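Contents: one structure, followed by commentary.
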Ligand SMILES: Nc1ncnc2c1ncn2[C@@H]1O[C@H](COP(=O)(O)OP(=O)(O)OP(=O)(O)O)[C@@H](O)[C@H]1O
Ligand SMILES: [Mg+2]
């Protein structure tokens, strides 16, 4: 197997605030192989966007990597200066489709000029070639090609989102980070863009980190995935392993909380509470307070990510009771079924 394109290794990310810092990501570890599409799921506030932004050195000003390492093609991202990141890495190597990207276009430049500037900085394409390529991408994202000469404010919110997707794909980056790329778009456009992202995977050697609330998008698009809760990786592995044989209580409950197109009649469960906003050292399982199976030990130490004994080798779980979860989960799934029968 080829070397991974991206390695997240024991990553901690903190935000400085007036009081104690917010610990948005704690000891996160996973890697993305060359050509792999990788999904990152978890509820609102679990640290997905924080992780995404850190990969291109684009954390909010008060945020910073407090521990661990992010390696892109083997080199720590933290070793690049801001100039190196913008000249060598962003757009050309790694492009980020930011969440709610409405405000991330330069308001005083026509889209076509933004594309030409990117091409002049990073490629040897002449202006004509750059514009032709950009027009083709406009077509992909469902925008009329003549509108490349518009300013961002002439677009609706959904159109700006699509223009950002076109720019992110424009320089044919090796790694695309897509943070909820299609949530602001209608279903038809969502399908078209996801299909395009699927198509380029066949044609080009591109890898992707796809962040979404929608587990079914991961199931349809990705090879591997991680489930994040309270900034900790709860479970990682091939989509088949994590999806079909989840062994972390959070993955089990999250899966049960979402409709699955393969089983439309399945009963849906709920997870009480929200992922916590953490301000003290995270030396415990962040899911313990929401977990029906938590024990004292879950609150005494952060669970290590260990290999699961179910599925093929590509499966890791951060739960000290992971080897009991197959059995415990089936009791839980029965109870979801019973409750829903009672309420019918
Ligand atoms: N600039 C900031 N300053 C302080 N705290 C922040 C900042 N940005 C994010 N956070 C906190 O970090 C945690 C993770 O936020 P993040 O935006 O990464 O979550 P997310 O998983 O992307 O959520 P969503 O699904 O809603 O987009 C949250 O507790 C959030 O309140
Ligand atoms: Mg987010």
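Derivation of every value follows stated rules applied to the coordinates shown; laboratory data play no part. A quick note: this is a predicted structure, and the numbers were derived from the prediction, not measured. Don't worry about glycine lacking a Cβ; one is built from the backbone with ideal geometry, like all the others, and counts go over all protein chains shown.
Observations on the model:
- Remark: the range 257-302 is approximated by an ellipsoid whose semi-axes, taken from the C-alpha gyration tensor as √(5λ), come to 29, 12, 8 Å, largest first.
- Computed P(r) (all Cα pairs; the range 66-109; 5 Å bins; percent): 5, 17, 20, 23, 18, 10, 5, 1
- Label sites at residue 69 and residue 307, each approximated as a point 7 angstrom past Cα along Cα to Cβ, lie 2.3 nm apart.
- Just so you know, the Rg over Rh for the range 246-343 is 0.99, from Cα atoms, with Rh as the Kirkwood radius.
- Relative to the longest principal axis of the Cα atoms of the chain, the long axis of helix 157-170 makes an angle of roughly 80 degrees.
- Theoretical ellipticity at 222 nm over the chain - DSSP helices of four or more residues, -39500 (n - 2.57) apiece, nearest 500: -9500 deg cm²/dmol
- Over the range 176-221 - Rg/Rh using Cα atoms and the Kirkwood inverse-distance radius: 0.93
- Relative to the longest principal axis of the Cα atoms of the chain, the long axis of helix 187-203 lies at roughly 80 degrees.
- Between residue 33 and residue 147, full extension at 0.36 nm per residue minus the direct alpha carbon distance yields a gain of 37.4 nm.
- Sites residue 85 and residue 274, calculated FRET efficiency, Cβ-Cβ separation with R0 30 Å, nearest 0.05: 0.35
- Mean Cα-pair separation over length for the range 19-121, i.e. relative contact order, pairs under 8 Å, 6 or more apart, %: 20 percent
- Label-to-label distance, residue 44 versus residue 186, with points set 7 angstrom from Cα along the beta-carbon direction: 2.5 nm.
- Cα-based shape type of the range 1-93, given that a ≥ b ≥ c are square roots of the gyration tensor eigenvalues and the cut on a/c is 1.5: oblate
- Debye-sum result for the range 129-267 in log10 I(q)/I(0), which assumes one identical scatterer on each alpha carbon, at q = 0.13, 0.17, 0.20 Å⁻¹: -0.65, -0.98, -1.21
- Crossing angle, helix 127-140 versus the chain [Cα axis fit, 0-90 degrees, rounded to tens]: 40 degrees
- Distance from the alpha carbon centroid of the range 1-40 to that of the range 88-107 works out to 19 angstrom.
- Ratio of Rg to Rh over the range 93-168 (Cα coordinates, Kirkwood Rh, two decimals): 0.93
- Looking at the chain, the DSSP beta bridges with both ends there are about 60 percent antiparallel.
- The chain: radius of gyration over Cα atoms, expressed as a fraction of 2.2 N^0.38 Å: 1.03
- Column: log10 I(q)/I(0), Debye, Cα scatterers of the range 66-197, q = 0.12 Å⁻¹: -0.47
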